[in-house]
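Structure record follows, encoded as structure tokens.
What follows draws every value from the coordinates through simple rules; no lab data is involved. It should be emphasised that the depicted structure is a prediction, and the values quoted were computed from it without experimental measurement. Virtual Cβ from ideal backbone geometry, glycine too; neighbours counted across all protein chains shown.
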């Protein structure tokens, strides 16, 4: 026998076996890899894309808000959340078998390690049964501020009366108006995302079903949902009229014009709803007086005088009726009845925050921030940067101006009117607001949801601080927009907790500011003719 022939045959046999083995590996590891790993009878069910090591989520200072740990429950890794008050914003991630929500859903490709990975990297990971590692996210949220805002949401109502009602449903947004960064976002009621993840991983749907059927709707992210705003929306009307030179802060309104009845579009407004008859003795009163004391009749006329084209243009400048540029989906605010144009009567009602107005707290943050930033509207933002597993920054997000809806003069005049609200008007009845050393300015709102008063109105307040009309060039460092659903009168319901939030944020140095030189309330209000009781001789 020829030894060379034997060696050649043996070599060919080895080559044939190698080719067959390689073909088998390619087939099972690549061609049908997804079907194999998806098979529940496969002991390697928890591999590759089904069990990614998701990227971590941090606050602006590097405090971890969400991370993954290995688990024997379910598939591979379990998500852990450190602050339940961020449940709606962060959302939750369970596994590929369940839909994610919030930031976990919006940035799933980055967090799961799928975005930016090459096909070669993906093939190598699949071949080695190696789970992909996601990118880390740093938010603009300040966890210190987030926690104190969540705690103060439960502060007692200091100024209680028959028109305020205890409620655990609401929203608070704390923002830097000069950059648009969101520093805190609280939605109430919330839920336990860790319990939700653990129970769903175990195949137990009871907690999820409990949340879905809870009439308090804890899964609803209220800062991004819409509600009837009430008088906080007079701020938009005031800006539209001032910018179009259809009014001035000192425009006079006679007794008849201030109290009504004022007829427009065949319907009379007033004297009910004028809000000033009980303590206004002398007339005429001004546009600023009507804003400070929230006179609906005056603002119906101001809106009508501005005209639907001007008023709607101002709304569009704030993205009312369209998509707000933001990292999370936001329910679209609207001031129109579906399929209809804005009639004269509807314009009058919408102008003081009723009618067809349904507005999100984030929408009001855009309005509030524009006033605080001297007319500039900055893009609201949640994401600061995205960092790869190797520590390299993939993307950084810098503040971006969206537009300039109003002039510096208009913004300054609106801040002046907001100062009057908290020193002389509907905000001044809250001791913690009027006595705050941080110069809180704002506008209250009571959004009526029914003619009968049942259920009660939505309680609103948009605010800025620190600020003093005596130093208008020093712009506010923070805005806080708060809403309590069916809480009743806006000022007494949400004013105390807002004042406590500013106090803690500034006194602890979480946002470093100087105390403003706040004018004496009584002297200022009397000199500016924004108060009559106790001022008139």
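Footprinting exposure proxy ranking of 267, 221, fewest other C-beta atoms within 10 angstrom first, gives 267, 221.
For the range 466-520 versus the range 409-445, the spacing of their alpha-carbon centroids is 9 Å. With respect to the chain, whose longest principal axis is taken over its alpha-carbon atoms, helix 490-507 is tilted by about 60°.
For residue 206 and residue 508, the difference between the fully extended length at 0.36 nm per residue and the C-alpha to C-alpha distance is 104.6 nm. Neighbour counting of Cβ atoms within 10 Å sorts the residues 525, 424, fewest neighbours leading, into 525, 424.
You can think of it this way: the chain between residue 195 and residue 309 has 36.0 nm of extra reach, that is 0.36 nm per residue less the Cα-Cα gap.
Remark: C-alpha extents of the range 354-398 on the principal axes read 54, 25, 9 Å, sorted largest to smallest.
Based on the Cα coordinates of the range 135-222, what is the per residue volume of their convex hull in Å³? Display every interim value, and only then the final one.
Numbers: hull volume 12.7 nm³, N = 88.
Hull volume over Cα atoms, normalised by residue count, gives 144 Å³.
For the range 373-490, averaging the sequence separation of C-alpha pairs within contact (under 8 Å, six or more residues apart) and dividing by the residue count gives a relative contact order of 19 percent.
Remark: relative contact order (the chain) = 16 percent; criterion is Cα-Cα distance under 8 angstrom and separation of 6 or more residues.
Angle, helix 3-26 long axis vs. longest principal axis of the chain, Cα atoms, 0 to 90°, nearest 10? Relative to the chain, helix 3-26 is tipped by roughly 20 degrees.
To make sure I understand, if each residue's beta carbon is the centre and we count other beta carbons within 10 Å, what order do 443, 234, 512, 337 fall in, fewest to most?
Details: 443 35, 234 26, 512 7, 337 12.
Going from least to most buried by this count: 512, 337, 234, 443.
For the range 252-272, the residues whose backbone nitrogen is under 20 Å from a point 7 Å from the Cα of residue 337, taken along Cα to Cβ, are 263-270.
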